[in-house]
Every structure is written in C-alpha cells, then in structure tokens.
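Every read-out reported here was derived from the displayed coordinates using simple, explicitly stated rules and does not represent laboratory data. These numbers come from a predicted model, not from an experiment. Note that we place each Cβ from the backbone using ideal geometry, even for glycine, and neighbour counts take in every protein chain shown.
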Amino acid sequence: MNSPTAIPACPGPLDPIRPKNPPPPKACDTHCHVFGPSDRFPYAGDRSYTPPDAPLAKYLAMLDTLGFERGVLVQGSAHGRDNSAMLDALERTPDRLRGVAVADEAVPPAELRRWDKLGVRALRFNHFFRGGQLHYRGGVTLETAKKLGPLMKDLGWHLQLWIDCKDMPETVPILDQIGLPVLIDHMGRTDARAGTGTPGFQSLLRYIGEGHGWVKVSGAHRLSNNAPDYPEARPFHEALVRANPERIVWGSDWPHPRIEGDMPNAGHLYELFHDWTPDVATRQRVLVDNPARLYGFPG
C-alpha cells in the first residue's frame with residue numbers, strides 16, 4: 001500500500017538558452033514561480049507535488065538570460081496559501097517584479113493591503129477540475145472570490161483563473177457576478193488535440209474578443225506533449241492573439257512544475273512566441289504595453 005503522505009517529485013528546469021531574437025526593452029514574463037529554498041520557506045504538507053528549490057536568484061538569472069527586464073511571480077501550489085517566498089522576492093526586487101498571490105477570507109484586509117504595497121496585483125483562484133475534483137490541492141475556489149471581490153476591486157486587483165476552457169460557458173456568468181477583471185491562465189489549459197472549435201475555447205475567444213477578460217498565451221507545453229515545438233498549440237495562440245491583441249500577455253511558466261512530458265526550455269518557449277507572433281507591433285503590446293497596464297509597471 002502506498003503511504004498517504006507520498007507526494008510525487010518534480011524535475012528541475014533546464015538551463016535556459018539565450019534567444020536568437022531578444023525581447024524588446026521593458027518586456028515582462030508574466031508567469032513564473034519561485035520555490036523555496038525549502039529550509040527557509042517550507043513546502044505545504046498537503047501539496048500535489050514537490051518541486052526542487054527554484055529560489056529568487058535562479059529565477060532572476062533566467063530572466064536575465066532571456067532578456068526580460070520585468071517579471072510576475074505567481075504563487076505556486078507547492079507552497080499552498082503561504083505566500084512568504086513570493087512576497088520575499090517582491091520585497092527584495094520591487095522595481096522589477098509584481099506578484100499574484102493565493103488567499104482566502106481568513107487573510108485580514110490589512111494584510112492584503114500590505115501585499116499590495118509590496119507589488120501584489122491579483123489573487124489566483126483554482127477552477128481546474130479533473131475527474132470532478134480540483135486538480136491541485138491548496139487552491140482557493142471562486143466561492144471565495146465572491147467574498148474577496150469588493151476589497152480586490154478597491155485595491156485595483158484582478159482575478160487570475162486556473163481553468164480548463166471546456167468549463168468556460170458555465171463559468172462566465174459567475175465571473176460576471178464577481179465583477180473583477182479576469183485573466184485566464186495558459187490559453188485555457190485544454191487538450192490541444194480537441195482543436196480550437198470546441199464550445200469551451202470558442203467561449204474563451206468571445207470572452208477575450210469582447211474585452212471581458214485577459215488571457216496568457218503561455219503553457220504551450222501544457223496543451224501539447226509534442227516537444228519541443230508543440231505545433232498543436234500554435235492555432236490556439238494565433239486565435240487568441242487575433243481575437244484581441246490588447247488583452248494578451250505572455251509567460252514562460254518557469255520552472256514548469258508538474259509538467260507532463262518532456263521538460264521545456266524557457267528560452268525556446270520564448271522563441272516559439274516570437275515565431276508565432278510575427279507582427280512587431282503585436283509583440284510590443286503583448287510583452288510590454290499590456291503587462292505594464294495590467295500589473296502597474298511604470299511606462
């Protein structure tokens with residue numbers, strides 16, 4: 001019998017390659033995580049995976065290699081609802097980084113306001129189901145977003161949502177009720193083999209196209225297992241960019257926790273973005289202008 005405390009370990013990220021086509025000045029990678037060091041920032045006991053340490057110094061070295069001046073750290077579920085590692089990184093690098101935290105209604109409003117001063121600009125909520133259950137432990141559901149919504153609105157924060165777009169049609173009314181700006185993770189994190197014509201992805205395209213939300217054209221390696229170029233993910237990327245380039249941001253998802261299949265290289269993922277987004281003005285919007293507006297970076 002397997003031990004109930006057995007938690008799968010994740011491989012570490014590859015050393016990033018330097019892109020042949022560097023990003024423009026003030027470019028922002030909007031989706032990364034820091035993990036540990038675990039002797040200072042322990043992992044949650046009730047977690048879905050155990051990553052190798054990916055501390056701030058290693059993360060900043062990755063940004064430097066890719067040529068990104070700015071970054072957004074998203075609270076990783078391995079740390080559960082203890083945002084200490086992410087908040088410490090923001091405090092140590094205030095001009096370069098912004099953050100997306102995880103919190104429930106037990107967090108006092110004064111603490112959320114403190115996070116805002118450190119650079120937190122959103123809370124992440126988990127609406128990603130597999131087999132009728134949330135796929136990641138330690139997340140916070142949209143029921144809590146309804147309760148935190150008024151304070152988040154007062155702070156000027158948005159709601160970042162981890163969802164498979166197959167669930168978008170029934171989720172859009174809930175998001176409308178909450179009434180916050182919404183950013184959808186990883187192109188709707190669906191199986192690319194289903195194609196772009198599914199009701200869920202078409203709902204996501206309408207949601208973005210009509211200006212109701214934002215989406216990250218990240219996670220090609222989570223839509224497709226066909227490494228290293230993930231060709232099945234390209235039509236999703238292109239459809240979203242066409243739908244509304246003013247509401248698109250990009251992220252590498254470094255250090256790629258709980259990956260299924262081969263480990264991607266962050267530098268190569270950026271090269272795919274460059275190739276899949278051939279218009280220079282659109283790349284400028286996605287990498288610089290849009291994240292500056294969404295996360296409050298100076299112009």
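Which order do 234, 18, 98 fall in if you start with the one that has the fewest other Cβ atoms within 10 Å?
18, 234, 98
With the cut-off at 29 Å, tell me which of the pairs 26/153; 58/146; 20/58 have Cα atoms farther apart than that.
In this structure, 58/146 exceed 29 Å between Cα atoms.
For a footprinting-style exposure proxy, rank 111, 170 by other Cβ within 10 Å, fewest first.
Ascending number of Cβ neighbours within 10 Å: 170, 111.
For the chain, what does -39500 (n - 2.57) per DSSP helix run (n ≥ 4), summed and divided by total residues, give at 222 nm, in deg cm²/dmol to the nearest 500?
-9500 deg cm²/dmol
Please arrange 223, 294 by how many other C-beta atoms lie within 10 Å of their C-beta, fewest to most.
294, 223
Between the range 241-268 and the range 217-235, what is the separation of their alpha carbon centroids in Å?
The range 241-268 and the range 217-235 have Cα centres separated by 8 Å.
What lysines could a cross-link reach from residue 147, if we take a straight Cα to Cα line under 22 Å and drop same-chain neighbours fewer than 8 places away?
Result set, ordered by chain and number: 117.
List the aspartates and glutamates whose Cα lies under 15 Å from the Cα of residue 166, skipping any in the same chain that are fewer than 8 positions away.
Once the sequence-local aspartates and glutamates are set aside, what remains near residue 166 is 185, 191.
Under a 5 Å amide H to amide H cut-off, with H placed in plane at 1.01 Å, what residues pair with residue 50 once short-range neighbours are removed?
Amide H neighbours of residue 50: 9, 10.
Above 34 angstrom, tally the Cα pairs of the chain and express them as a % of all pairs, no decimals.
The answer is 13 percent, as a whole percent.
If one computes the Cα centroid of the range 91-118 and of the range 1-61, what distance in Å separates the two points?
Each part reduced to its Cα centre gives a spacing of 19 Å.
Rounded to the nearest 0.05, what FRET efficiency do residue 46 and residue 246 give with R0 = 41 Å and r taken as the Cβ-Cβ distance? Could you check?
0.55
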